[in-house]
1. Somewhere in the stretch 91-110, is a residue more than 15 Å from the chain's Cα centre (by Cα), surrounded by 13 or more Cβ atoms within 10 Å (Cβ to Cβ), closer than 30 Å to His28 by Cα and of a type outside the set (Asp, Glu)?
2. Only residues that are open to solvent by less than 20 Å² (accessible area, probe 1.4 Å) and either free of Cβ contacts under 8 Å to residues at least 60 places away in the same chain or not small (Gly, Ala, Ser) (or both): list them for the stretch 113-129, please.
3. Here's a check for you: in the stretch 154-205, which residue that is modelled with pLDDT under 90 and more than 23 Å from Ala26 (Cα to Cα) is least open to solvent (accessible area, probe 1.4 Å)?
4. Would you mind stating whether Arg108 is free of Cβ contacts under 8 Å to residues at least 60 places away in the same chain and touching a strand residue (DSSP E or B) at 6+ places or on another chain (Cβ under 9 Å)?
5. Would you call Pro47 free of Cβ contacts under 8 Å to residues at least 60 places away in the same chain and either more than 25 Å from Arg164 (Cβ to Cβ) or among the polar types (S, T, N, Q) (or both)?
6. Restricting the stretch 47-74 to residues that are open to solvent by 30 Å² or more (accessible area, probe 1.4 Å) and of a type in the set (Val, Ile, Thr), which is nearest to the chain's Cα centre (by Cα)?
7. Restricting to the stretch 37-46, count the residues that are buried (at least 19 other Cβ atoms within 10 Å of the Cβ) and part of a loop (DSSP other than H, G, I, E, B).
8. What's the total number of residues in the stretch 2-20 that are open to solvent by less than 10 Å² (accessible area, probe 1.4 Å) and of a type in the set (Ser, Thr, Tyr)?
Amino acid sequence: MLRDCVVLAVEGTHASGKTTLTHALAAHYRERGIHVATVEEPARHSPFIEEIVVHGKGTFDLETEVDLFAAQLSAQLRAARQHTMIICDKTIANVLAYAWLVLETPPRSRAAAALAAMEAFCHAWAGAYDAVFYCCDRFSQLQAGDPYRAKVLDLQPAADRVVRSTCATVGQRVIDIPPNMTTGQRVEWIAERVTKLGITRETVN
């Protein structure tokens, strides 16, 4: 927990339904009287990513990835201050996983050292998440008008492997959501698991 706030996260590669599920879960708990907020993926609001994806200036670099890592962490900390539950659209380990994918990290380079430091922090921070649920499905990435997703179309299979591997490396335990369920079924399935873990309405009110 962060300051007595229950922290749930939805993990997986891009186009696995994380964002849709995050908002559906928040609605589920809000309807049950829990003061809950979602923590959105910071890449959608990053000026670094906007330059690369929308304006075509430059490529993914270390500064971009460090900014995303810090933004993801800061958003979670700030949301936890004012709510009894937050539901995060991925963990900071996910940000690290994509950084390993898109950056060149030769031995003893600045990038390799920075990512190693991020990995150490992820390991120390893994316990801040009360439960992390992994989306196993992969939906179509070809969404008209979405330049962000188009930029990483060819990374989905590799991202799935690296996200899982990174979570394991930093000690971030994930609970796989059974595939081929509707969003409503996913929500009910997760809610049942959250209750079994002892994270009930009484503990977050």
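1. No, the stretch 91-110 contains no residue that is more than 15 Å from the chain's Cα centre (by Cα), surrounded by 13 or more Cβ atoms within 10 Å (Cβ to Cβ), closer than 30 Å to His28 by Cα and of a type outside the set (Asp, Glu).
2. Residues satisfying the conditions are Leu115, Met118, Cys122, Ala126, Tyr129.
3. Filtering the stretch 154-205 for residues that are modelled with pLDDT under 90 and more than 23 Å from Ala26 (Cα to Cα), the one least open to solvent (accessible area, probe 1.4 Å) comes out as Ala159.
4. Values: free of Cβ contacts under 8 Å to residues at least 60 places away in the same chain: yes; touching a strand residue (DSSP E or B) at 6+ places or on another chain (Cβ under 9 Å): no.
Judged against the criteria, Arg108 is not a match.
5. Numbers: free of Cβ contacts under 8 Å to residues at least 60 places away in the same chain: yes; either more than 25 Å from Arg164 (Cβ to Cβ) or among the polar types (S, T, N, Q) (or both): yes.
Considered against the rule, which asks whether it is free of Cβ contacts under 8 Å to residues at least 60 places away in the same chain and either more than 25 Å from Arg164 (Cβ to Cβ) or among the polar types (S, T, N, Q) (or both), Pro47 comes out as yes.
6. The selected residue is Val66.
7. Total meeting the criteria: 1.
8. Within the stretch 2-20, the first condition is being open to solvent by less than 10 Å² (accessible area, probe 1.4 Å), and the residues that meet it are 5-13, 15-16.
This time we only want the ones that are of a type in the set (Ser, Thr, Tyr), so: 13, 16.
So the answer is 2.
The values are calculated or read from the model by the stated rules, or taken from the named source; none is laboratory data. Treat the numbers as computed from the prediction; the structure is a model and nothing was measured. In this analysis, Cβ positions are derived from the backbone assuming ideal geometry, glycine residues included, and neighbour counts consider all displayed protein chains. The area values use the complete protein model at the heavy-atom level, side chains included, leaving out ligands, DNA and RNA. Shrake-Rupley method; radii C 1.70, N 1.55, O 1.52, S 1.80 Å.
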